[in-house]
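Chemist: Encoded as structure tokens, here's the structure I'll be asking about.
Taken together, the values in this text are just the output of simple stated rules run on the coordinates, not laboratory data. In this text the structure is predicted, and so the values were computed from the model without any measurement. Heads up, the Cβs are rebuilt from the backbone with ideal geometry, glycines too, and the neighbour counts pull from every protein chain shown.
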Amino acid sequence: MTRIATLTLNPSIDGASEADAVRPIHKVRTTNERYDPGGGGINVARVIHALGGEATALYLAGGATGAVLDELLEGRGIARRRIEIADQTRVSHAVFERSTGFEYRFTPEGPEIRESEWRACLTAIEATPCDYLVASGSLPRGVPAGFYVEVGRIAARRGTRFVVDTSGEALRAVLAEGGLHLVKPSLGDLESAVGRRLREPGEEDAAALSLVESRAAEIVAVTMGHEGALLATQAGALYLPAPDVPVQSAVGAGDSFLAALVLRLSQGRPLEEAFRWAVAAGTAAVLTPGTELCHRADVERIYGAVAAPVARPVQRSA
């Protein structure tokens, strides 16, 4: 069996609830509270597990809230390896306002990581055998921007396929290093990576293909929200529109997309088929409230309605 590991440097305990109205000064009384283990790589592991696969979640965690995160992962049957930190694991919260349909998301910056702690994380990665390593999420305070570059070098030495979903300086650094199997930026992250706005037709295709041609990554998957998703490889660019569904929450849609894409690729499915599964999972995630992520039955149902990807004309960036 192909082994998948995920890496989360800034995980969280994700709370979600509903309120009739969110107003300043007044107490906002909430209902339907739930708590989930969260953060990019942990969300990817959760979705892989929900879709019938297996993944080991590696994550930094500490304090009383770190113990709660452990318990939440244990309760969901997710294989895990915790790297201890001194600071507290963050707690985020999303509130759905029933009167407007708006969702309010409160996301703390998270703990300060010591050099000894992020170096211990590199050691843990070295000691975790896997065929796919998915690093997803932002870098917490104290972790250098080139951290994922170091992770990529470990993966390269071991012949592991390295998958990255991050943003900002960390994304630019790992793309400059190159050699990724797969990178999944949002459209905004892609714009930041290439240093310009991509608003004219075909510009996002050209930008994604330029990353493939520069050997930054073999596969570039760009999620574009309600505008769908783009997949670029040496063979060209493919596009899938976003299925029209009622949106409950956008939390975890990108993580769900990535999880399904990696799982199906790890199972040897053709790239176009894996892309369809990814769009189905990302779409299914918006059907659920708060931090619930996607349900397998919804993913399978939506997958049946997702058409074959459309090949986009190859346009090279200037």
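Chemist: Can you bin every Cα-Cα distance in the range 154-214 into 5 Å intervals starting at zero and give me the percent of pairs per bin, rounded to whole numbers?
Modeler: 4, 18, 30, 24, 14, 6, 3, 1, 0
Chemist: Go through the range 19-27 residue by residue and turn each phi into a ³J(HN,Hα) via Karplus (6.51, -1.76, 1.60, θ = phi - 60°); whole Hz please, and just put x for glycine and proline.
Modeler: Values per residue, Gly and Pro as x: 9, 5, 8, 9, 10, x, 6, 5, 5 Hz.
Chemist: Based on other C-beta atoms within 10 Å, arrange Asp20, Asp244, Asp14, Asp189 from fewest to most.
Modeler: Listed from fewest to most nearby Cβ atoms, that is Asp244, Asp20, Asp189, Asp14.
Chemist: Applying 1/(1 + (r/R0)^6) with R0 = 25 Å to the Cβ-Cβ distance of Glu177 and Ala64, what FRET efficiency is obtained, to the nearest 0.05?
Modeler: Step by step, r from the Cβ atoms, then E = 0.10.
Chemist: Still on this structure, please answer the following. Which whole-Hz couplings ³J(HN,Hα) result when phi for each residue of the range 83-89 is put into the Karplus expression 6.51 cos²θ - 1.76 cosθ + 1.60, θ = phi - 60°, listed in order with x for Gly and Pro?
Modeler: Once rounded to whole Hz, the list reads 9, 5, 10, 7, 7, 7, 5.
Chemist: Within a 10 angstrom radius of the beta carbon, how do Thr107, Thr8, Thr123, Thr291 rank from fewest other beta carbons to most?
Modeler: Thr123, Thr107, Thr291, Thr8
Chemist: Then there's this: Along the positive direction of the dipole of the chain (beta-carbon charges: Lys, Arg +1; Asp, Glu -1; about the Cα centre), which of Ser138, His93, Ala19 reaches farthest?
Modeler: Ser138
Chemist: Counting Lys +1, Arg +1, Asp -1, Glu -1, what net charge surrounds Thr160 among other residues with beta carbon under 12 Å of its beta carbon?
Modeler: So the environment of Thr160 carries a net charge of +3.
Chemist: For the range 4-312, just run the numbers: alpha carbon Rg, then divide by 2.2 N^0.38 Å, N being how many residues it has.
Modeler: 0.96
Chemist: Assuming R0 = 45 Å, what is the FRET efficiency of Phe102 and Arg153, from their Cβ-Cβ distance, to the nearest 0.05?
Modeler: Efficiency computed from Cβ-Cβ geometry: 0.55.
Chemist: Another question about this same structure. Determine the shape class of the range 75-231: with a ≥ b ≥ c the square roots of the Cα gyration tensor eigenvalues, call it rounded for a/c under 1.5, and otherwise prolate if a/b is greater than b/c, oblate otherwise.
Modeler: Cα axes put the range 75-231 in the oblate bin.
Chemist: Now, a different point. For a footprinting-style exposure proxy, rank Ile42, Ile48 by other Cβ within 10 Å, fewest first.
Modeler: Ile48, Ile42
Chemist: If we count every other residue with Cβ under 9 angstrom of Glu203's Cβ, Lys/Arg +1 and Asp/Glu -1, where does the sum land?
Modeler: Neighbour charge sum, excluding Glu203 itself: 0.
Chemist: Could you run the Debye sum over the Cα atoms of the range 189-316, one equal point scatterer each and no solvent, and tell me log10 of I(q)/I(0) at q = 0.10, 0.21 Å⁻¹, two decimals?
Modeler: Per q value, in the given order, log10 I(q)/I(0) is -0.30, -1.22.
Chemist: Would you look at the GNM of the chain, springs on alpha carbons closer than 10 Å, and say which of Asp165, Asp87, Asp255 moves the most?
Modeler: Of Asp165, Asp87, Asp255, the Gaussian network model singles out Asp87 as fluctuating most.
Chemist: On full extension of the chain, what length is gained from Leu271 through His26, given 0.36 nm per residue of separation minus the C-alpha to C-alpha distance?
Modeler: So the chain would gain 83.1 nm between Leu271 and His26.
Chemist: Could you tell me the ratio Rg/Rh of the range 90-146? Both radii from Cα atoms, Rh via Kirkwood.
Modeler: Result for the range 90-146 is an Rg/Rh of 1.16.
Chemist: If r is the Cβ-Cβ distance from Glu218 to Ala145 and R0 is 22 Å, what FRET efficiency results, to the nearest 0.05?
Modeler: My answer for the efficiency is 0.45.
Chemist: Which of the chymotrypsin sites (Phe, Trp or Tyr not before Pro) across the range 19-111 are loop residues per DSSP, with 15 or fewer other Cβ within 10 Å?
Modeler: Phe102
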